[in-house]
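Have a look at the structure below before the remarks.
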Amino acid sequence: VMDQTVQALRAGNAVLAVAPGAGKALAALMDAGLPVTTLDGRLDPAAIAGLALDAVAYLGGEADMRGALASREGAILPLISARLDPVAYAHERVVCIDTTAAGGNATLLAEAS
């Protein structure tokens, strides 16, 4: 649980860690004021149906979690099943400004605003 939590925090995410002994294992991170919440025990995949999530990191029965994610309403969520995969916790966004209407000249678009 520590590996996935640290990777998620490093990417700027808040974390809900659910695992046997999670509270004890992550106490130092919580004491440091990091956005970590823990639940000791196991997660029933059906329990994620109503949670507001951006991704799920899970080291259990992958098929069960995939089914639970697929049955949710809303956006498709990534399932991070690797213990070490720091890139999986970052969400990249790309912004493109189309300047073709101004013949490729961005200053014409700026003047029109």
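Using the structure shown, decide if Asp98 is in contact with a His (Cβ under 8 Å, 6 or more places away or on another chain) and either surrounded by 14 or more Cβ atoms within 10 Å (Cβ to Cβ) or modelled with pLDDT under 85 (or both). Considered against the rule, which asks whether it is in contact with a His (Cβ under 8 Å, 6 or more places away or on another chain) and either surrounded by 14 or more Cβ atoms within 10 Å (Cβ to Cβ) or modelled with pLDDT under 85 (or both), Asp98 comes out as no. Scanning segment 5-37 for residues that are open to solvent by 80 Å² or more (accessible area, probe 1.4 Å) and under 19 Å from Ala88 (Cβ atoms) returns Arg10, Ala14, Leu16.
The values are calculated or read from the model by the stated rules, or taken from the named source; none is laboratory data. As the structure is a computational prediction, the values presented were derived from the model and not from experiment. Quick reminder, even Gly has a Cβ in these numbers, built from the backbone with ideal geometry, and neighbours come from all protein chains shown. Each accessible area value is taken on the protein alone, full model and side chains, heavy atoms only, with ligands, DNA and RNA left out. Shrake-Rupley method; radii C 1.70, N 1.55, O 1.52, S 1.80 Å.
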